[in-house]
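A short write-up of the structure that comes next.
No lab work stands behind these numbers, since they all come straight from the coordinates. Note that the coordinates shown come from a computational prediction; the quantities given were computed from them, not determined experimentally. Positions of Cβ are generated from backbone atoms using ideal geometry, with glycine treated the same way; all protein chains shown enter the neighbour counts.
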Amino acid sequence: MIVVKHKDIFTFNVELHKINTHHKLDLHVPSVNLTKFQKGVYYSVITLFNFLPLGIKTVAHNTNKFKHELKKFLIKN
């Protein structure tokens with residue numbers, strides 16, 4: 001939900017380059033060396049969002065649809 005509500009603080013891969021790749025809907029993972037940063041909320045949210053199925057990531061622009069699809073996915077799995 002953090003990604004959907006605060007899109008302005010996250011960068012999607014499609015914003016960095018215009019090449020149509022398989023991971024274009026993933027969030028850009030910043031390269032950092034500090035373990036403290038990697039264990040933080042910002043980095044954790046990015047990695048969790050990137051593990052979601054493509055169907056859920058495509059509706060990330062719509063809060064209600066995203067919540068509904070995420071809930072279905074979590075109940076199913």
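Within region 1-18, the set of residues being surrounded by fewer than 16 Cβ atoms within 10 Å (Cβ to Cβ) and among the aliphatic types (A, V, I, L, M) comprises Met1, Ile2, Ile9, Val14, Leu16. Scanning region 19-58 for residues that are under 14 Å from Phe73 (Cβ atoms), of a type outside the set (D, E, K, R) and surrounded by 13 or more Cβ atoms within 10 Å (Cβ to Cβ) turns up Phe49, Leu52, Ile56, Thr58.
In region 1-57, of all residues being basic (Lys, Arg) and part of a loop (DSSP other than H, G, I, E, B), the one that is nearest to the chain's Cα centre (by Cα) corresponds to Lys24.
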